[in-house]
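Take a look at the structure set out below.
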Amino acid sequence: MAKRRNVMSRLGAAVFVITATLLAAPATAATIFTETFNYTVGSNLAGQNGGSGFSGAWSGGDSTIVAGLGGTGNAVQIGSSISSRPLSATTSTSGTSIYLTYLMNSSDFSGGNYTGISLWNGGTEEMFLGIPYEAQKFGLDAHAGNGPADIKSVDFTPATNVSYLIAVGLVPSATSGKVDVKMWATSNLAVNPDTLVAGTPNASLLGVKNNFSFDTLKVAGDYAGSLKVAGIASSPNVSEAAAVTVATVPEPSTLALAGLGVVVAVVLNRKKNGAAGTRTQDQRIKSPDDSED
């Protein structure tokens, strides 16, 4: 009986430690906005009002909803005119890191002038992501006022009809008043997002772009529907954004339960081994406390 109480006491202590640790752990950063395009396939993007972090529905344009690209929800096939959607609040890059992630898949990288998504502040386009104007390669246009030097093509050749996870980091620059822009791209949709952004970016613009704000998300192009985009999400935490984009990141609660299961298994295994050892090595004395009920 005493041994059983001792084992249960240790198990209870382990559960208490894990619970206290989880309660003391800081909460994950909130997403800024999410759009998984979970609308009826074949419908027009205009008028759709799902997702989070927006103050109104999509308006304008001829983009349409298509089947998904391996992430959550469906995807949008970008048309030849602008569709826009206002955010619930204006977001600034000053003094904080912001990550934007999404999936992209293109059937053609040379059939038009530009196609992709962009961040706007009022009537000013601050950042374009996709196939920049006349680049015919995948990359970004940071609109930093430097003409063609703003366009940073990703240094890999995307395969057509292959889905890529794109992560864009807007991080505080070492240059005062500037924001560094970094972009990573991979066809490994199961990649750990933190590992991805810890590596060398495929494209970057450092110490050039002024801090900026954005209040509107837009999609547009003239590639006759060649580019599909899915699971757009933005957050100060890249893993949280990517968890929306690609449904492969375990929830914190799942990891906690897995950790608890390991501890329970270890304690029970010790109980089993300890009991076997006691019976084998110490059968000389059997006190009343050691007896079974």
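We did not get these values from a lab; they are worked out from the coordinates using the rules stated. Keep in mind it's a predicted model, so treat the numbers as computed, not measured. Backbone-built Cβ (ideal geometry, glycine too); neighbour counts: all protein chains shown.
For residue 181, neighbours were defined as the other residues whose beta-carbon sits under 9 Å from its Cβ, and their charges (Lys and Arg +1, Asp and Glu -1) total +2. Let a ≥ b ≥ c be the square roots of the eigenvalues of the Cα gyration tensor of segment 133-209; is it rounded (a/c under 1.5), or, if not, prolate (a/b larger than b/c) or oblate? Judged from the Cα gyration tensor, segment 133-209 comes out oblate (a/c at least 1.5, b/c at or above a/b). With the Cα gyration tensor of segment 110-161 giving a ≥ b ≥ c as the square roots of its eigenvalues, does the rule (a/c under 1.5 for rounded; else a/b larger than b/c for prolate; else oblate) give rounded, prolate or oblate? It comes out prolate by the Cα gyration axes. Separation of segment 103-172 from segment 39-64 is 21 Å, based on Cα centroids. In this Cβ point-charge picture (+1 for Lys and Arg, -1 for Asp and Glu), segment 33-245 has a dipole of about 140 debye about its Cα centre. Sequentially through segment 162-169, phi angles give Karplus couplings (6.51, -1.76, 1.60; θ = phi - 60°) of 10, 7, 10, 8, 10, 10, 10, x Hz, Gly and Pro residues having no value and appearing as x. Other residues within the sphere of radius under 9 Å centred on the Cβ of residue 170, judged by their own Cβ, net out at +1 (K and R +1, D and E -1).
Quick check on segment 33-245: take the gyration tensor over C-alpha atoms, sort the square-rooted eigenvalues as a ≥ b ≥ c, and tell me if it's rounded (a/c under 1.5), prolate or oblate.
Working: a/c = 1.32, a/b = 1.23, b/c = 1.07.
Rounded, because the longest to shortest axis ratio a/c is under 1.5.
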